[in-house]
Amino acid sequence: MYRQIGLLKKPKNMAKEEFKDWLLYQHAEKGKYLPNLKRYSYSFTLDNKSSLNPPAYDAFAEAWFESLDDLKEANKSDVMLGQIEDVNEHYNNDVNKLVRVIWAEEYIIDLPNESGEIPKNKKMFCQMGHLKCPPQMTKDDLKDWWLHKHVKNGRLLKDLKWYTVLFTLMNSPFGSPIFDGYGEVWFDNFKSLENSFDSDIMKKQFQDVKEQKLDDPTLHEVVIAEQFLIDLP
């Protein structure tokens, strides 16, 4: 599958709750009519030890499509033009500083005790790790390491409901992506996410990142977030 991901810091003149209400009850209500849309969610970052550092953004929106052609078609639609206009109106001259949009190709990782289907829970908790290739690593190297080595240990996390790895695309109309790939591990509740962060398995995951020389803060960022799934028409 393919995704469009919008990373958003809240506008300076907007309180956090106002920002959340605008995205969930106004912006999303229009965005859910994008053509070819298969899944649509908004996630709000939490400042917690599992983030490693304070989050660089306040929310991320994710729109899922079956194919890249479906994603491209959606981006030409009147609905998308309206969404972009809505964002520009709320951010004024700060849109380029506070909003980044990325396209990515998704790989869903098989889990030992799960069906592999995308969960339909209205609310979940996610730990997301972004990675940028260091000079000695190509994007193909990153993809090979992540999909054939790194996930083997991560898929064993206790209470893990969904694990997905995505690699960003260069042919987006929104410019070059700010990272090369990201992984998401999803849990039903916050306690399960916290427990996973403190587990030996997660410690091995971070050690693996370090061994690949990817632990530099300019290359690696981890955030946690609460996700809200949007009902589609």
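Only the coordinates and a few stated rules stand behind these numbers; no lab work does. Please read all numbers here as calculations on a predicted model, not as lab measurements. Note that each Cβ is placed from the backbone with ideal geometry, even for glycine, and that neighbours are counted across all protein chains shown.
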TODO: Only one of the values [x] 62, 40, 24; [y] 68, 58, 33; [z] 45, 37, 35 was calculated from this structure for Cα extents along the principal axes in Å; name its label.
DONE: [z]
Open item on the list: Which one, M170, Y25, P217, is farthest towards the positive end of the dipole of the chain when Lys and Arg carry +1 and Asp and Glu -1 on their Cβ?
Closed with: P217
TODO: Please find, in a Gaussian network model of the chain (springs between Cα atoms separated by less than 10 Å), the residue of V79, V165, V101 whose mean-square fluctuation is greatest.
DONE: V79
TODO: Give the span of the stretch 57-120's Cα atoms along each principal axis, as three whole-Å numbers ordered largest to smallest.
DONE: 48, 28, 19
Task: Dipole magnitude of the chain about its Cα centre (Cβ charges: Lys, Arg +1; Asp, Glu -1), debye to nearest 20 - done: 320
- [ ] Using packing as a proxy for protection, rank 185-194, 132-141 so that the peptide with the highest average count of other Cβ atoms within 10 Å comes first.
- [x] 185-194, 132-141
- [ ] Kindly point out which whole DSSP H helices in the chain project their C-alpha atoms 15 angstrom or further along the helix axis while averaging a Kyte-Doolittle hydropathy of 1.0 or above.
- [x] none
Task: Tally of Lys pairs whose C-alpha atoms are under 19 Å apart, taken over the stretch 21-140, 8 or more apart or cross-chain - done: 14
